[in-house]
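Worksheet: the structure to be examined is printed underneath.
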Amino acid sequence: MSSNVVSTSELTKLDPVFGQFSYDDHEQVVFCHDKDTGLKAIIGVHSTVLGPALGGTRMWNYRTEWDALNDVLRLSRGMSFKAAVTGLDLGGGKAVIIGDSRRDKTKELLLKFGEFIHSLGGRYYTAEDVGMETADMDLIRDVTPYVTGTSESRGGAGNPSPITAYGVYMGMKAAARFKYGSDSLKGKKILVQGIGHVGEVLVDLVSKEDAVVTINDINRERLEHVSDKYQCKIFEGADIYDSEADIYAPCALGATINDDTVYRIKANVIAGAANNQLFDEYRHGNILRDRGIVYAPDFLINAGGIINVFSELEGYDKSVIKQKTENIFNTTLEILSHADKHGLSSHRSALQIAQERIARRKPSK
Ligand code: NAD
């Protein structure tokens with residue numbers, strides 16, 4: 001390589017923050033440190049063009065601080081596009097606290113973190129994410145109003161998972177309509193991977209439509225509980241990516257669509273709740289398109305949760321939350337048609353629509 005050509009890995013070393021793919025024009029990144037409580041947190045404000053940046057706080061024992069930075073940037077960017085594509089007047093942000101939530105989460109640490117959020121003056125609103133609970137949001141509420149996901153007794157919107165599942169169900173039906181010409185899931189073989197808070201409600205919804213449901217989880221106890229409750233099969237094969245299904249619903253972890261799985265998946269439709277399902281959003285999105293697999297973009301169809309917390313800022317009631325979540329059906333259909341028309345992957349198409357909405361709202365220079 002000639003001396004004036006810089007490789008991507010070198011670039012990441014030279015420009016470890018602004019040069020990262022996920023930095024993607026973040027407006028602001030705030031490093032929060034407090035020696036007394038041990039707080040080490042990063043708040044990413046990706047965009048406030050459409051409204052205040054809203055996104056949860058994740059508390060995780062990151063291997064390195066770079067991992068924490070990369071995670072917050074990636075998640076924060078994703079929130080901007082999730083809000084934009086869903087039609088919400090919200091920006092995108094996210095926060096991470098470095099530490100083990102079971103060991104390191106103290107009242108003092110959370111209150112100090114709340115003060116940092118407060119110092120942003122409403123540019124960023126937090127909510128729950130992995131390692132955080134409603135009670136933590138209630139605590140943070142004591143030092144700042146810039147928090148959502150508080151308990152219903154404190155004016156919050158409560159548990160977002162049922163409404164998230166409902167949105168995923170809407171997205172799945174739209175994808176089925178696009179692929180099969182009908183949104184009915186009756187008789188469709190649906191594989192639900194991860195039957196936690198969202199997955200279980202999704203199993204309930206699709207079972208009521210007489211879909212043929214198979215479930216998979218690493219938690220045997222939950223598998224038996226959900227299987228008994230909804231009369232569905234437990235996946236017993238060696239590898240779920242080799243199994244026959246019409247619809248695959250990833251509701252556990254991200255990045256399950258990767259080099260190892262993308263050519264093995266047999267389903268015609270992918271629609272699930274997990275964030276960041278595509279390991280490489282461009283390459284794997286294109287491979288799914290080329291294979292004729294209809295992929296309902298994750299950040300669009302799992303937006304029920306953010307619609308739910310947004311209601312706390314807007315003051316709208318449960319019927320409006322339901323109606324906005326139901327609209328995920330129409331938006332998914334629109335995006336699948338747009339992708340088809342322009343030869344794009346559905347993920348790319350959803351991103352483009354979100355980016356255009358943000359660009360239209362930017363004040364002209
Ligand atoms: P959860 O923790 O309640 O459930 C996840 C389930 O996945 C658990 O039962 C767990 O045992 C299982 N699991 C973990 N690893 C697995 C593996 N390798 N194979 C199979 N199963 C595995 O989480 P949740 O709240 O139901 O959220 C599910 C997904 O949806 C997550 O990726 C989350 O980020 C995303 N999401 C959730 C919401 C929400 O409102 N809860 C909103 C948007 C996105």
Inset, instruction - Evaluate the charge dipole of the chain about its Cα centre and quote only its size in Debye, nearest 20, assuming +1 on the Cβ of each Lys and Arg and -1 on the Cβ of each Asp and Glu. - result: 800
Inset, instruction - Select from 163, 257, 218 the residue whose mean-square fluctuation is largest in a Gaussian network model of the chain (Cα-Cα springs shorter than 10 Å). - result: 218
Inset, instruction - Express in whole angstrom the spacing between the alpha-carbon centres of region 288-358 and region 60-139. - result: 22
Inset, instruction - Quick one: compute the contact order of the chain, relative version, from alpha carbon pairs under 8 angstrom and 6+ residues apart, as a percent. - result: 15
Inset, instruction - Report the residue, chosen from 284, 33, 347, that carries the largest GNM mean-square fluctuation when the chain is represented by alpha-carbon nodes joined by springs under 10 Å. - result: 33
Inset, instruction - Mind running the shape call on region 52-113? Use the C-alpha gyration tensor, a ≥ b ≥ c as the square roots of the eigenvalues: rounded below 1.5 for a/c, prolate if a/b tops b/c, oblate otherwise. - result: oblate
Legend entry - Most mobile listed residue (202, 75, 110) in the chain, GNM with C-alpha springs under 10 Å: 110
Inset, instruction - Run the dipole for region 146-275 about the Cα centre, Lys and Arg Cβ at +1, Asp and Glu Cβ at -1, nothing else charged, and hand back the magnitude in debye, nearest 20. - result: 420
Inset, instruction - List nothing, just return the count: lysine pairs in region 203-325, 8 or more apart or interchain, with Cα separation under 19 Å. - result: 4
Inset, instruction - Report the label-to-label distance for residue 133 and residue 338 in nanometres (one decimal), using points 7 Å from each Cα along the Cα→Cβ vector. - result: 4.0
Legend entry - Set of lysines near residue 105 by C-alpha distance (under 16 Å), chain-local residues within fewer than 8 positions excluded: 35, 40
Legend entry - Selection from 32, 52, 64 lying farthest towards where the dipole of the chain points positive, charges on Cβ: 52
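The numbers here are math on the coordinates, done by the rules we state, and not lab data. What you see is a predicted model; the values in this text were computed from it and never measured. Cβ: placed from backbone, ideal geometry, glycine included. Neighbour counts: every protein chain shown.
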